[in-house]
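**Q** This is the structure, below, for whatever I ask next.
The values are calculated or read from the model by the stated rules, or taken from the named source; none is laboratory data. None of these values were measured; they are calculated from a predicted model. Neighbour counts run over all protein chains shown; Cβ positions are idealised from the backbone, glycine included. These area figures cover heavy atoms from the full protein model, side chains too; ligands, DNA and RNA do not enter into them. Shrake-Rupley method; radii C 1.70, N 1.55, O 1.52, S 1.80 Å.
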Amino acid sequence: MEIRSRAPLRIGVAGGGTDLPSYYKEYGGAVFNATIGMYAYCTIVPTDDDRIVIIAHDNNNSYDGPSVPRFDIEDENLILHKGVYNRIVRDYNGGKPLSFIMSTSNDAPVGSGLGTSSTMVVAILEAFDKWLGLGLDSYEKAYLAYDIERHDLKLSGGKQDQYSAVFGGFNMMEFKPSGETIVNPLRVSGSAINELECSLVLYYSGKSRSSAQIINEQIKNAQNKNKSTLEAMHELKQSAEDIKDSILVGDISRFAEILRRSWENKKKTSAIVSNKELENTINYAMSNGAEAVKVSGAGGGGFLMLYCNPFNRQKLIDALNMLNGKVYPVKFSKTGAESWIVNKKVN
């Protein structure tokens, strides 16, 4: 028997950063995001040899050793896999170790700004949920993934990625000062989705980045009530509302205007959200058909999301292909994390 799962990556369209506790606990946050047809994958094969084998193809790391009730996470190798395992064993398996082979992979590079780490945590959780029959509902699964990353593993970041990976689709997310998270799935028309897919292009520069430094600076600025940062965060929250409205009524041209405004405000939240290399790439894209550009995730590198008039789409793609990165089409995913069991036939 093999248990397989996958969880979709996301593009953070607007409001990113307002899902940080340093902001939403005082002002409330709002994020508009959408999942795309790129995934984090996990396969678990249960065994009875009292060993654990983990193979992470996305970062070329592995573990092969005796089954244990708890991994030491001071060693950052496979920290996501080990963190999920520790919580599953502690909270759902009575502290008794499990024996299995696990394989994971990702359609996007780690640190690319598409929520790869959080999505991987969700994919691994989804596989354990299926294997052990935990019966976690969507909110429980998303919060558990968040809790493992932010509290057990002490990794910096917000809340949107875990909820996006679990729920899937187009979502307006609210982050209440109380800590409550509300996911509002949006019924976006087929024509609006088609137009967005024709108008958006993803470009990966080939350089991933660690979001922690950017996020920690944003947290510090918010805690210190830096006026410029807070004003920009308020504007980012409003941009999420505005983009939601533009997409729901099918006003895609206004989408581009809001996206431009959102990126300018994003850069005000931290001095290292952008850099000279990024700006050079953005200026190049804008001179070759792009009308709005936003760096996905915290910033600093990774994927660029570019909006263009569909008439100029191929011109933009051809120009980007002259650079050293890689162009990806945008195909939206309607479903969130999924899992299934494969029973292999033996000849």
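**Q** Which residue, MET322, MET233, PRO310, has the largest displacement toward the positive end of the dipole of region 225-347 when charges sit on each Cβ (Lys, Arg +1; Asp, Glu -1)?
**A** So the residue furthest toward the plus end is MET322.
**Q** Ok, one more. In a GNM of the chain with a 10 Å cut-off on Cα contacts, which of SER164, SER253, SER178 has the highest mean-square fluctuation?
**A** Per the Cα network of the chain with a 10 Å cutoff, SER178 tops the list.
**Q** Just to be sure I understand: with springs between alpha-carbon atoms less than 10 Å apart, which residue in ALA30, ALA232, ALA319 has the highest mean-square fluctuation in the Gaussian network model of the chain?
**A** Most flexible of the set in this elastic network: ALA319.
**Q** Determine which aspartates and glutamates satisfy two conditions relative to LYS237: a Cα distance under 20 Å, and not lying fewer than 8 residues away in the same chain.
**A** Result set, ordered by chain and number: ASP19, GLU26, ASP161, GLU174, GLU180, GLU217, ASP245, ASP251, GLU257, GLU264.
**Q** Please quote Rg/Rh for region 123-214 to two decimal places, taking the Kirkwood radius as Rh and restricting both calculations to Cα atoms.
**A** We get a ratio of 1.02 for region 123-214.
**Q** Report in % the part of the accessible area of region 14-108 that belongs to carbon and sulfur, leaving out ligands and nucleic acids; probe 1.4 Å. Write out the running numbers ahead of the final one.
**A** Working: 1760 of 3910 Å².
After summing per-atom areas, the C and S share lands at 45 percent.
**Q** Based on Cβ point charges of +1 for Lys and Arg and -1 for Asp and Glu, what charge dipole magnitude is obtained for region 1-89 about its Cα centre, in debye rounded to the nearest 20?
**A** 440 debye
**Q** Next question, about the same structure. Once you place label points 7 Å from the Cα toward the Cβ at TYR27 and CYS198, how far apart are they in nm?
**A** Going by the 7 Å Cα→Cβ label model, 3.7 nm.
**Q** Could you run the Debye sum over the Cα atoms of region 1-52, one equal point scatterer each and no solvent, and tell me log10 of I(q)/I(0) at q = 0.27 Å⁻¹, two decimals?
**A** Each listed q maps to, in turn, -0.99.
**Q** What share of Cα pairs, in percent, lie more than 23 angstrom apart in region 84-167?
**A** 18 percent
**Q** Using +1 on the beta carbon of Lys and Arg, -1 on that of Asp and Glu, and nothing else charged, what's the dipole of region 51-148 about the Cα centre, debye to 20?
**A** 320 debye
**Q** Could you size up the charge dipole of the chain around its Cα centre, putting +1 on the beta carbon of Lys and Arg and -1 on that of Asp and Glu, and report it in debye to the nearest 20?
**A** Here the size comes out at about 440 debye.
**Q** Above 24 Å lies some portion of the pair distances; for the chain, what is it as a whole percent of all C-alpha pairs? Working shown, then result.
**A** Details: 32910 of 60031 pairs.
Cα-Cα pairs in the chain separated by more than 24 Å: 55 percent.
**Q** Determine which residues of region 305-319 fall in the zone a paramagnetic label at TYR284 would reach in this model, i.e. backbone nitrogen under 13 Å from the point 7 Å along Cα→Cβ.
**A** Only 317-319 fall inside the zone, counting backbone N under 13 Å.
**Q** Turning to a different aspect of this structure: Strictly greater than 20 Å: what percent of every Cα pair in region 1-116 meets that? Let's see the in-between values first.
**A** Values: 3581 of 6670 pairs.
Everything past 20 Å amounts to 54 percent.
**Q** Considering only GLU76, GLU231, GLU174, give the residue with the highest GNM mean-square fluctuation for the chain, with springs between Cα atoms whenever their separation is below 10 Å.
**A** GLU76
**Q** If the limit is 31 Å between Cα atoms, which of LYS82/LYS276; LYS159/LYS225; LYS82/LYS244; LYS130/LYS244; LYS141/LYS268 go over it? Please report the intermediate quantities before stating the final value.
**A** Details: LYS82/LYS276 37 Å; LYS159/LYS225 21 Å; LYS82/LYS244 37 Å; LYS130/LYS244 33 Å; LYS141/LYS268 33 Å.
Going by Cα-Cα distance, LYS82/LYS276; LYS82/LYS244; LYS130/LYS244; LYS141/LYS268 fall outside the 31 Å limit.
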